[in-house]
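Derivation of every value follows stated rules applied to the coordinates shown; laboratory data play no part. Just so we're clear, the structure is a prediction, and the values are computed from it rather than from any experiment. All Cβ positions, even for glycine, are placed from backbone atoms using ideal geometry, and neighbour counts span all protein chains on display.
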Amino acid sequence: MSVTVRVPAKVNVQLAVGAARPDGFHDLANVFLAVGLYDEVTATPAGDLGVTCTGPDADQVPLDRTNLAARAAEALAARYGREPRVHLHIAKDIPVAGGMAGGSADGAAALVACDALWGTGAPREELLEICAELGSDVPFSLVGGAALGTGRGERLTEVETGGTFHWVFAMAPRGLSTPAVFREFDRLAQDRRVPGPVASRDVLDALAKGDPDALAEALTNDLQPAALSLFPELADTLAAGRAAGALAALVSGSGPTTAHLVRDAAAAEKAARALRASGTCRSVRVAAGPVPGATVI
Ligand code: C5P
């Protein structure tokens with residue numbers, strides 16, 4: 001018997017970043033939207049904990065116990081006093097080190113898969129607690145939809161959405177490390193006072209109305225200058241997306257994937273073709289959201 005869980009990628013439609021805290025993390029106001037690019041994690045009983053991965057970026061995924069899927073299985077097993085005797089196979093379609101929560105998605109998916117496989121029946125609150133221990137973005141991968149994350153991004157409040165938002169994502173030729181981007185944020189912020197992060201009323205209103213034009217006006221990502229500082233060529237991809245008719249273009253999370261908001265599915269296909277032809281990125285994908293979080297299929 002095995003259990004497969006499908007889990008979406010995310011894009012941040014607002015990422016407000018505060019000053020570094022004593023623990024090194026940053027307080028955030030992080031508005032997440034789950035979009036229809038998916039990993040699938042299959043949990044199968046095995047003699048020992050093991051991870052395999054297939055997909056275009058599979059060679060960049062660690063298969064040891066640093067993988068968030070493996071850590072999720074270990075964390076759930078430890079809470080329920082059992083051994084994590086499970087094989088986890090990740091069919092990976094979310095870009096690796098791309099700022100779309102690919103690793104976090106696998107952690108949330110593995111947790112849901114092992115809970116179902118082992119019949120632990122852990123309450124939702126407990127699953128969310130384990131997710132928060134695994135990483136700041138992992139709870140959102142579990143819940144999906146749209147949500148505001150505060151604290152280091154792990155404390156979630158559901159956000160209302162009044163429609164579907166269409167996106168084109170451009171994958172970069174190399175990854176960016178999230179800690180490195182936050183360190184660059186700190187370096188760039190050295191000589192100024194960083195205000196506390198606050199959720200944008202304009203972003204929340206645009207989501208509630210399902211209005212892509214209003215969302216395009218309101219989107220912000222405080223990590224974008226840091227990502228561009230480490231990876232200046234991303235400016236060319238953002239410009240190519242705008243030239244291709246995107247309503248707005250921004251770096252997704254800590255990058256380097258760039259997210260291009262468009263009006264509808266037809267505009268997405270058109271912008272995707274132009275971005276592919278621009279030669280400014282490794283590959284291009286179209287996806288829409290909100291979509292549900294980690295789900296057994
Ligand atoms: O929580 P997670 O393990 O995903 O975070 C990865 C890294 O991103 C952290 O080690 C930290 O450097 C940075 N981070 C941060 N503030 C946050 C979330 C992440 O500085 N709120």
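For region 190-297, the list of trypsin sites (Lys or Arg not before Pro) that fall in a loop by DSSP and count at most 10 other C-beta atoms within 10 angstrom reads 192, 193.
Dividing the mean sequence gap of close Cα pairs (under 8 Å, 6+ apart) by how many residues the chain holds gives a relative contact order of 26 percent. Cα centroids of region 218-297 and region 46-119: how far apart, whole angstrom? Each part reduced to its Cα centre gives a spacing of 27 Å.
If only the Cβ of Lys and Arg carry +1 and only the Cβ of Asp and Glu carry -1, the dipole of region 165-289 around its Cα centre is close to 340 debye. Computed over the Cα atoms of the chain, the ratio of the radius of gyration to the Kirkwood radius (Rg/Rh) comes to 0.96. Each Lys and Arg adds +1 at its Cβ and each Asp and Glu adds -1 at its Cβ; summed about the Cα centre, region 135-191 shows a dipole of about 200 debye.
One chain, two ends: residue 235 and residue 183. Fully extended at 0.36 nm per residue, the span grows by 16.7 nm beyond their Cα-Cα distance.
Candidates 169, 80, 147 compared by Cα position along the dipole of region 61-201: farthest toward the positive end lies 169, with charges placed on Cβ. For region 165-289, the alpha carbon positions stretch 44, 35, 20 Å along the principal axes, listed from largest to smallest.
Its Cα gyration tensor gives region 1-94 an equivalent ellipsoid. The semi-axes, each the square root of 5 times an eigenvalue, are 28, 19, 12 Å from largest down. Given region 113-163, what whole percent of its Cα pairs are spread farther than 17 Å? When every Cα pair of region 113-163 is considered, 39 percent fall beyond 17 Å. Evaluated with a Cβ-only charge set (Lys, Arg +1; Asp, Glu -1), region 37-189 carries a dipole of roughly 220 debye about its Cα centre, given to the nearest 20.
Relative contact order for region 3-159: what is it in percent, counting Cα pairs under 8 Å that are at least 6 residues apart? Once divided by the residue count of region 3-159, the mean separation gives 30 percent.
The three principal axes of the Cα atoms in region 25-142 give end-to-end lengths of 37, 32, 25 Å, sorted in falling order. One decimal place: the segment residue 193-residue 264 gains 21.6 nm when fully extended, by the rule 0.36 nm per residue minus the C-alpha distance.
Its relative contact order, with pairs defined as Cα atoms under 8 Å and 6+ residues apart, puts region 137-278 at 28 percent.
On the beta carbon distance between residue 20 and residue 52, with R0 = 22 Å, the FRET formula returns roughly 0.05.
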